[in-house]
Amino acid sequence: MSHKSFFFIPDISGFTSFVKQVEIEHSQHIISELLELIIDSNELDLSVAEVEGDAIFFYHANRIPDSIEILSQVEKTYIAFHEHLKQYETQRICPCGACSSAVNLSLKFIADSGESQMITVKGKEKPFGESVIRVHRLLKNSISQKEYLLFTGDLVGSEKTPIEPRQWPGRICGKDEYQDLGEITYKSIPLSFLQEKVTYPPQPKAQQLTAKPLTHTIEIQANKYEVFEWLTNMDKRDLWNKDVTYFKYQKGIVNRSGYQHVCVIGNQTIGFETVTHDFGEGKLVYGEKTTEIPIFKEASSYFILEEVDEVTTIKVEFHYQEKPVLGFLFKRILFKKIFTGLKKNLKNLKYLIEIG
């Protein structure tokens, strides 16, 4: 039985060139975050037919939203998408090509309607028919803008609440020829004007540094980007940090400022937050701070990386704000324990990286 169905495809533009970067794993994590964000912004109660690599294919089999609802959905998703990218850019600590170029990703929307039937594949129901083919063909079109809403005449031709030009400026009429489908006419609205509604997140606050931090230095025969990935990738942490029983953290996210993880050491748990600081040009910096060591108000470890001829020097600086009750002797014992574990773990890291 066929239904008059609504189809909606938010598509992340720039995805193909994005994943051609060397940093495939990071690009996958970033795209995954964005696709989940698009799904979570679904206020039209649409069903997800497919996650299609760089796009989400939504549908509604029994209801066609009006233009006001569609525009509201586009605006909500667009703003959430770009605010996430700006937040990511502000919090980014990774210098790789994927992470540094993520802010350049863009978003377009295809909205269409037509008759379709439902088929079930592996227990999942989804729409099927020529209308489904058509909405996907419309992803390839002659629109010159990178970000836009494309909608067909069929979708808005008989609505009581047509798109209001004064609210959504710059409406353009277009048409393209498609094999087996013939000529399809459509309208599009460039979405650049929505940028003025996108808010910028505040810059992360720099941590207070100790005048004379404790330090330790080690050299690793590898480039600084490889070493930085080993330090910041929580999936690799238990391979070289053997002092911790296990780590609790959110998987599938690239480590960045504000990212949190928990170290479980026996019956004790200590929460950490990723921080960074400017230690000079050309240096990669990764930091972790905690307020959950009882004898410190706050403690931060910074890993400062410099590279010369494929040899990376890691300088670790331990900064802290001690509580007045911390005695001199006890402080010395504690610092010795911290740095004994740190030196051992960095030796493990050096071994893992250098043996490849």
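The values are calculated or read from the model by the stated rules, or taken from the named source; none is laboratory data. Just so it is clear, the structure is predicted and the values come from calculations on it, not from any experiment. Positions of Cβ are generated from backbone atoms using ideal geometry, with glycine treated the same way; all protein chains shown enter the neighbour counts. When the accessible area is computed, the model is the full protein with side chains, heavy atoms only, and any ligands, DNA or RNA have been set aside. Shrake-Rupley method; radii C 1.70, N 1.55, O 1.52, S 1.80 Å.
If R0 is 22 Å, what FRET efficiency do you get for ASN62 and ILE172 from their C-beta distance, rounded to 0.05? Walk me through the numbers before you get to the answer.
Values: r = 31 Å, r/R0 = 1.40.
Efficiency, from the Cβ-Cβ distance: 0.10.
Put +1 on the Cβ of each Lys and Arg and -1 on the Cβ of each Asp and Glu in the chain; which of ILE143, ASN241, PHE81 then has its Cα farthest toward the positive end of the dipole?
So the residue furthest toward the plus end is ASN241.
At a threshold of 8 angstrom on Cα-Cα distance, excluding pairs fewer than six apart, so keeping six or more, what relative contact order does the chain reach in percent? Each step should come with its number before you reach the end.
Numbers: 624 pairs, mean separation 53.5, N = 356.
Worked out over the chain, it gives 15 percent.
What number, rounded to the nearest 500 deg cm²/dmol, is the helix-based mean residue ellipticity at 222 nm of the chain, given -39500 (n - 2.57) per DSSP H run of at least four residues and division by all its residues? Walk me through the numbers on the way to the answer.
Numbers: 9 runs with 104 residues, N = 356.
That comes out to -9000 deg cm²/dmol.
Most fluctuating residue of ILE110, ILE133, ILE189 in a GNM of the chain with Cα springs under 10 Å: which is it?
ILE133
Determine the sum of side-chain charges near ALA80: Lys and Arg each +1, Asp and Glu each -1, restricted to other residues whose C-beta is under 13 angstrom from that of ALA80. Could the numbers behind the result be given before it?
Numbers: positive: LYS76, LYS86, LYS197; negative: GLU33, GLU36, ASP40, GLU43, GLU75, GLU83.
Spelling it out: positives minus negatives among the neighbours equals -3.
May I ask you to evaluate 6.51 cos²θ - 1.76 cosθ + 1.60, the Karplus curve with θ = phi - 60°, for each residue of the range 285-290 and list the ³J(HN,Hα) values in order in whole Hz, giving x for glycine and proline?
10, 10, x, 9, 10, 9
Using +1 at the Cβ of each Lys and Arg and -1 at the Cβ of each Asp and Glu in the chain, identify which of TYR286, SER301, ILE9 lies farthest towards the dipole's positive end.
SER301
Could you work out the relative contact order of the range 216-276, using alpha carbon pairs under 8 angstrom and six or more residues apart, expressed as a whole percent? Let's see the in-between values first.
On the way: 66 pairs, mean separation 14.2, N = 61.
It rounds to 23 percent for the range 216-276.
With the other protein chains left in place, how much accessible area per residue, in square angstrom, belongs to the chain at a 1.4 angstrom probe?
Numbers: 18560 Å² over 356 residues.
Counting only protein heavy atoms, the per-residue value for the chain is 52 Å².
Explain nothing, just the number: dipole magnitude of the range 194-272 about its Cα centre with +1 on each Lys and Arg Cβ and -1 on each Asp and Glu Cβ, in debye rounded to the nearest 20. Provide the component values of the computation, followed by the final result.
Values: 10 positive and 7 negative charges, 47 e Å.
Computed charge dipole of the range 194-272: roughly 220 debye.
Got a number for carbon plus sulfur as a percent of the chain's accessible area, 1.4 Å probe?
On the way: 9430 of 18560 Å².
That fraction is 51 percent.
Could I get the Rg over Rh figure for the chain? Both from C-alpha atoms, Rh via Kirkwood, rounded to two places. Could you put the intermediate results ahead of the total?
Numbers: Rg = 25.9 Å, Rh = 23.7 Å.
Answer for the chain: 1.10.
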